[in-house]
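Heads up, the thing below is written out as structure tokens.
Taken together, the values in this text are just the output of simple stated rules run on the coordinates, not laboratory data. All figures in this text were calculated on a predicted structure; none of them were measured in a lab. We place every Cβ from the backbone using ideal geometry, glycine too, and count neighbours over all the protein chains shown.
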Amino acid sequence: MTRLTPRSYDRRVLIAMSIYIVLMICVWPLARSATDTLPKIVYALTPVVPLLYTIWLMGHRILSSDELEQRTHLIGLGVGAAVVSVFSIFVGFLGAANVFETDVTSAFLIWIFPLQMLSYAAGRRLAARHYGLGPCDDDADHMPTYVRFFFVAAVFCVVAALAYFHSGNERVTSFALGMASALACGGVYFVVRRWMRSRRSRQ
Amino acid sequence: MNNKLRELREQRGWSQGELAERLDVSRQTVNAIETSKYDPSLPLAFRIAKLFRQQIEQIFEP
């Protein structure tokens, strides 16, 4: 199986997740206003397409990895599965005991995949550190973290512009601008951190 | 487990990236083996031994 370079993998995931953001903000809300069942299903499930592509990419990456990389992926997936299981059982017990006033189960279900991805990344990072593999940010093979932050910030700016000029939706515009600002701040933080590290290594 | 991988690689003038390519693993895996942070599986140890034309026990010592 052809090995995906880390940079190529990062680029593909970034594009897929950017499409996901745009679909979640611009297409998914249409499902609530649609009256017919078929368009409702199509609008509701459209954001799943980039997620399925991301899962396929992950599978391809893991299968084409070497034995040490596969081990770190396995540890990451184990951590992700454990975190998601604990989260689900907490929500399940609380829901069964009618702790929530309204049915929030579907809202929680939307967070399962992001939670799985975040905990998988954290677990994999810890495992990689254990085996002396550098963090992604320092690795020249990977796309720099600040580039990812600025890219996603730009995607949110586009969403904000679309929402403002196309539909005049102030709620979406302010949400997208807020996200873009936060991500741009994150990008600046990683630029400064990278600059300080390179300065320290030169000294 | 200690090993002589770095020594053997440097004798041949290969970079970690070049050795990784010959073994079909990542550069980081070569680095982890060289620094004894990761012990390779038996099939990979055999590939390393075959590449350097040595016995496994001549490269890896417990």
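Key figures for this structure:
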{"quantity": "So A:Val152, is it away from chain B (no Cβ under 14 Å), under 30 Å from A:Leu68 (Cβ atoms) and crowded, with 17+ Cβ neighbours inside 10 Å", "calculated": "yes"}
{"quantity": "From the options A:Ser119, A:Ser64, A:Ser85, residue that is farther than 20 Å from A:Val13 by Cβ and among the polar types (S, T, N, Q)", "calculated": "A:Ser85"}
{"quantity": "Selection status of A:Ile25, in a helix (DSSP H, G or I), more than 14 Å from chain B (Cβ to nearest Cβ) and surrounded by 13 or more Cβ atoms within 10 Å (Cβ to Cβ)", "calculated": "yes"}
